[in-house]
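See below for the structure under consideration.
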There are 4 protein chains.
Amino acid sequence: MLIELATGAQETKTRILQMAAEQNALAASIPGDRGGDVLAIGTPLDADVAAMPGVLRVEMKHKPFALASLEARSKSTVTVGDVVIGNGVPVIMAGPCSVEGREAMIEQARLAKAAGATILRGGAFKPRTSPYSFQGHGELGLQMLADAREATGLPVVTEVMEPDQVELVSSYADMLQVGSRNMANFNLLKACGRSDKPVLLKRGFVATLEEFLMSAEYIMAHGNPNVVLCERGIRTADPAFRFNLDLNIVPGVQAVSHLPILVDPSHGTGRRELVHRMSLAGIAAGADGLAIEVHPDPDNALSDGPQTITPDELAHIVSRVHLMSELLMETEHGVTPFEPLEVSA
Amino acid sequence: MLIELATGAQETKTRILQMAAEQNALAASIPGDRGGDVLAIGTPLDADVAAMPGVLRVEMKHKPFALASLEARSKSTVTVGDVVIGNGVPVIMAGPCSVEGREAMIEQARLAKAAGATILRGGAFKPRTSPYSFQGHGELGLQMLADAREATGLPVVTEVMEPDQVELVSSYADMLQVGSRNMANFNLLKACGRSDKPVLLKRGFVATLEEFLMSAEYIMAHGNPNVVLCERGIRTADPAFRFNLDLNIVPGVQAVSHLPILVDPSHGTGRRELVHRMSLAGIAAGADGLAIEVHPDPDNALSDGPQTITPDELAHIVSRVHLMSELLMETEHGVTPFEPLEVSA
Amino acid sequence: MLIELATGAQETKTRILQMAAEQNALAASIPGDRGGDVLAIGTPLDADVAAMPGVLRVEMKHKPFALASLEARSKSTVTVGDVVIGNGVPVIMAGPCSVEGREAMIEQARLAKAAGATILRGGAFKPRTSPYSFQGHGELGLQMLADAREATGLPVVTEVMEPDQVELVSSYADMLQVGSRNMANFNLLKACGRSDKPVLLKRGFVATLEEFLMSAEYIMAHGNPNVVLCERGIRTADPAFRFNLDLNIVPGVQAVSHLPILVDPSHGTGRRELVHRMSLAGIAAGADGLAIEVHPDPDNALSDGPQTITPDELAHIVSRVHLMSELLMETEHGVTPFEPLEVSA
Amino acid sequence: MLIELATGAQETKTRILQMAAEQNALAASIPGDRGGDVLAIGTPLDADVAAMPGVLRVEMKHKPFALASLEARSKSTVTVGDVVIGNGVPVIMAGPCSVEGREAMIEQARLAKAAGATILRGGAFKPRTSPYSFQGHGELGLQMLADAREATGLPVVTEVMEPDQVELVSSYADMLQVGSRNMANFNLLKACGRSDKPVLLKRGFVATLEEFLMSAEYIMAHGNPNVVLCERGIRTADPAFRFNLDLNIVPGVQAVSHLPILVDPSHGTGRRELVHRMSLAGIAAGADGLAIEVHPDPDNALSDGPQTITPDELAHIVSRVHLMSELLMETEHGVTPFEPLEVSA
């Protein structure tokens, strides 16, 4: 059940949470539209909640992803460092697939920023299909990312791969990334829920819209309301692409959830020559921003070279993204209709 | 093999086609970039073709979809009535899923045109999953479409379902549609190849990029160079959508083929509330136009109501599509780079 | 609606069909379990059908594939030449992918028969992805198949690709095959419905169980009750296999339909080394038989060599299939339970 | 690279592992076919390994899943408690989806054993799509499983969900299960690699054969050779089934790997009425055993009821499985060929 409280209804909130605990029901809250909290309780409470002081609204029927749903609240924003995601200005996360070294990381961060990036991405812990492949620089890589942030002012997002790493990664990064392979690693999601850092949740290879939002709900139900979704391509049978960027999910999520959603055209295509157009398409579909792999020398990147673009290409994409985004904002609520040809008969 | 001829090399063309016939090789041609024809021959000819008069170029290695490939020619346009597809101005195909009646069709055509549609679509022969469902008005429906063209001046595209119908449908329509279920109905493709009407080829539910272009090649190799592709969603495991619009295919096709490609956000989502955003996304991905189901009263449309929008919504989409398309054209080859924040360190 | 009639209720049948025609409803019948016909009518009739003489049963709620459903009748058999499909003895369809020549065909038929095949398969009209590939020997190939039947006594099944070919193919073959790419070619299905030859309907690359049975229903609703289904692999994202044999569909179909169903482990794997085990698995799943590509020299077969086995391998498979099938029949309704280890505590 | 050593070549092994460590290459070993170890080294060593004493064989080209490949060794067995998996006798893992309580668990274990089960399965830590669903009894559930083992003698397999749980679960269970959602949770795989308990690795919803074996390789490369694979259905677009059991993977794995592989027809269909036939199909495809959800009252099971069968049904399946398995073993290397009808002409 969902319960919206008025501002200051702290006592009622405490009582409800206590009742939930007595019923062994999971309970959590996020800020509501009217200043107070919205609570989700895992099972219906044995009490007349609607009659309690400060209760604005009780919903017994709602989407299974209660806190993530539009029934909980309207469009939300998530702040990473000083960057706001979801406020209408497309956020550009960019950086190399893997952190490669301290100097390289700082230089790449400068280039990304000069090209228009507002958040720096890079992998220190790398999920690799082969146990024999480079597994990332680990904590050393986290330090390199922090140094790059120091040098450029860009906040940093990087992947966390197990519950025990959440504290460590949180001590360096501004945002935690849960990778596609871990979208349904529920213990990791719970651990991210206990963190105070915002979380970038990437969609699984074959996750449905509902499963995607249920994974976001795990994080929120365990205490962390700051979740940003990221579409990064689904797996299909077409060998022409590494993955197929599924842009339906963007307006599809927005039709049922208040969470911001980004698009990753690098993984979503696997081919650098498609990144530009699919970035534009992602923004046109309504995404709140992009996550793009960029490297000064893509052919020699430590990983994911075939889908990585140069900073120059990024700058071109970013320019067009911002112009297009402004145009779409201006014309959202109606424009002078297109002038058709004269109807002849 | 591909052979490009100079203008006027008619004699060489005749000789090559004769040689191909002697070797029982399929042979066909399309107009090349330099005024002469480009010939595709199914098997290598036993002759020094390069030395023949008027031969500009011989390619022994090329994509399996020879005539459809960029190795044959650069970006092509297809003309339907007086509408040019592929010249940079997005074409808007719109109309009801099924032709419902004469007066209704004419009224719907007027509304579609007023909303910015430039080609009228509507089904007379309807492929339906159930043999007990309405199968379309057949030839009567074709006549209704022709009447709507008469009334509005909009050229008409409609589906053809078997080789024997090609002549009949061609006698009424300006463009033949091959539906998704028939994308690999090779005998139908051959029959469309022998028609002088342009063909709209919709992608199969699970067709790869290569299979899609091979089906286009069937039409071209049997004599008809005027093929327009249409992405209409692939089938995936997510029940949130009827199909998943696969926009990767748009820049993916354009990276290897000169054929125009449209996007159908109605079938590609199955949900009318997603059509607007996915139309914008399709154009941003680089599509040459859109195919949209529109009906004055979607809830009472004879078929496909849940994915059908109103003429008013279409008008709004079309306005934004044209503004966005112009912006993207203007900024294609570089814009003043986005002004990033000052790099601090 | 479904209506079961008693034996001899010819007058009632005529009247019902007339009423259906007056309501423009598609109507067809198949033999019922109790000797009379079972009729499916596309829309409910405006009459008290249950009260008409000889009406045993009226079902207003049934599966959309009415005639193909278990609500119409229990397990049915289909006879091809003198071979009965669905009577508990696994049928073995075998032969080359393409008919290659008269002498070759006769020799291959002899080898297939000696290995245990009971129906001969081979393609005269070949659906090929490329227009430049060999498209089959056409009518000449049909004649070769007929000659091979003459030589061996094996009835022949071969593919038909368009409505206009149904009559021609029927004049040579004992069974018509509708290929996967044409599973939803509804005009072809209708034409097969008007034929008096049994039909082998192969499942589409991504067809759902319901779509598969709806395609069978097209054939039955247009007059031909003799449909045999064939699972031949679905398309998935795993490059390890050409297709993935989906054996769930075998008991899945049998839970809702009376139609026999075969399994094609050649297309369903794409790899000859997997054919043996997947043949056994198909029969264990409950299939009524197998369709297998066999060739005396698979590496030099005109098409599909990598998934083609030798007659010797076929003989080994057939032996085990029959032994396993007998064992499964004997133990279907219970066997002495497996003797577990003594429970210690 | 793969290196096979002779028995007793301990010194060489030590030296090679030291060289690998110096090159920062991951190195691990499994028992080889000839008594000595087979080592996989992540990168080629800078030394003439072939010339070292006791080196029987060096393979520079091999499958990426080196230790799991047939290039490392031939068919292997894994022992769980006193049950051997992979020796030709199908192993039957059975039990409820979730551990429900102590008495219930013991009773269910007795029933499973009486029905022919040889390993007991049951979930104490449950991965659930919703954070609000029952998440399992945790350590208490592990204790209940241990009590059921005590009562019946059946060894126990249960799921582990994060690296930190490996030690805890290992202290109660005889085998660790890595669930489908965690197949590519590489940190969990590494932690299982450091355990001395055998591991049951379930295939991911959309994992390719190669990815499946690479995940097994993670466990082996981190020290644990005792991996058993389990096919449990892939996700497709057909709503008729929860998942589609992909039996191609069984002979597909056996063509490249020595690891045992089980089949889970419960998750692989999602429908209890299909479990019997798909169990038979799995064994016929060559699986080394089955993992089946069984419960005395499936409709009231805590989870997965629709795919759960009763102990009686299990007993019937097990009987037929053993009879069929024996038949297939006896006839593996050839049987008297099937007696075909006389060839007439």
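Worth pointing out:
- Each residue in the stretch C:254-282 was checked for being open to solvent by 10 Å² or more (accessible area, probe 1.4 Å) and assigned to a helix (DSSP H, G or I), and 5 pass.
- Within the stretch D:134-150, being open to solvent by 10 Å² or more (accessible area, probe 1.4 Å), more than 20 Å from the chain's Cα centre (by Cα) and closer than 29 Å to D:H316 by Cβ holds for D:M144, D:D147, D:E150.
- Here A:L176 does not qualify as within 14 Å of chain B (Cβ to nearest Cβ) and within 12 Å of the chain's Cα centre (by Cα).
- All conditions but one from (1) away from chain A (no Cβ under 14 Å); (2) open to solvent by 20 Å² or more (accessible area, probe 1.4 Å) apply to D:L168; the one that does not is (1).
- Residues satisfying the stated conditions in the stretch C:121-154, i.e. of a type in the set (G, A, S) and more than 9 Å from chain B (Cβ to nearest Cβ): C:G122, C:G123, C:A124, C:G136, C:G138, C:G141, C:A146, C:A148, C:A151, C:G153
- Members of the stretch B:7-26 found to be open to solvent by 30 Å² or more (accessible area, probe 1.4 Å) and not polar (S, T, N, Q), listed by number: B:G8, B:E11, B:K13, B:R15, B:L17, B:M19, B:A21, B:E22, B:L26
- Any hit, the stretch C:45-62, residues being under 20 Å from the mean Cα position of the chain (by Cα) and among the aliphatic types (A, V, I, L, M): no
- When the residues of the stretch C:95-106 are filtered to those that are without any contact (Cβ under 8 Å) to a residue 60 or more places away in the chain and open to solvent by less than 10 Å² (accessible area, probe 1.4 Å), the one that is farthest from the other protein chains (Cβ to nearest Cβ) is C:V99.
- B:A291 fulfils the conditions (1) in contact (Cβ under 8 Å) with a residue 40 or more places away in the chain; (2) in a helix (DSSP H, G or I); (3) surrounded by 24 or more Cβ atoms within 10 Å (Cβ to Cβ) except for a single criterion, (2).
- Yes/no for C:E231 being open to solvent by less than 10 Å² (accessible area, probe 1.4 Å), within 14 Å of chain D (Cβ to nearest Cβ) and under 14 Å from the mean Cα position of the chain (by Cα): yes
- Every residue from the stretch D:236-253 that is of a type in the set (G, A, S), assigned to a loop (DSSP other than H, G, I, E, B) and crowded, with 24+ Cβ neighbours inside 10 Å: none
- Comparison of C:P131, C:P163, C:P127 shows that the only residue that is open to solvent by 10 Å² or more (accessible area, probe 1.4 Å) and under 30 Å from B:S69 (Cα atoms) is C:P127.
- If you go through the stretch A:153-183 and keep only what is outside any helix (DSSP H, G or I) and within 15 Å of A:D264 (Cβ to Cβ), you end up with A:V157, A:T158, A:E159, A:M175, A:Q177, A:V178, A:G179, A:M183.
- Residues of the stretch D:184-224 that turn out to be away from chain C (no Cβ under 14 Å), without any contact (Cβ under 8 Å) to a residue 40 or more places away in the chain and part of a loop (DSSP other than H, G, I, E, B), as a count: 7
- Hits in the stretch D:63-95 (condition: among the polar types (S, T, N, Q) and under 16 Å from the mean Cα position of the chain (by Cα)): D:S69, D:S76, D:T77, D:T79, D:N87
- Members of the stretch B:296-313 found to be surrounded by 18 or more Cβ atoms within 10 Å (Cβ to Cβ) and in contact with a helix residue (DSSP H, G or I) (Cβ under 7 Å, 6 or more places away or on another chain), listed by number: B:P298, B:Q307, B:T308, B:I309, B:P311, B:E313
- Check on C:A109, open to solvent by less than 20 Å² (accessible area, probe 1.4 Å) and assigned to a loop (DSSP other than H, G, I, E, B): no
- The stretch B:30-58 - residue that is of a type in the set (G, A, S) and within 14 Å of chain C (Cβ to nearest Cβ) and, of those, most open to solvent (accessible area, probe 1.4 Å): B:G42
- Failed condition for A:G334, given (1) closer than 25 Å to B:V89 by Cβ; (2) assigned to a helix (DSSP H, G or I): (2)
- Yes/no for C:G81 being within 13 Å of chain D (Cβ to nearest Cβ) and farther than 18 Å from C:S319 by Cβ: yes
- Criterion: within 9 Å of chain B (Cβ to nearest Cβ), touching a residue at least 40 places away in the same chain (Cβ under 8 Å) and touching a His at 6+ places or on another chain (Cβ under 9 Å) - qualifying residue of A:R242, A:R320: A:R320
The values are calculated or read from the model by the stated rules, or taken from the named source; none is laboratory data. In this text the structure is predicted, and so the values were computed from the model without any measurement. All Cβ positions, even for glycine, are placed from backbone atoms using ideal geometry, and neighbour counts span all protein chains on display. The protein model used for the area step is the full one, side chains on, heavy atoms only, and it has no ligands, DNA or RNA in it. Shrake-Rupley method; radii C 1.70, N 1.55, O 1.52, S 1.80 Å.
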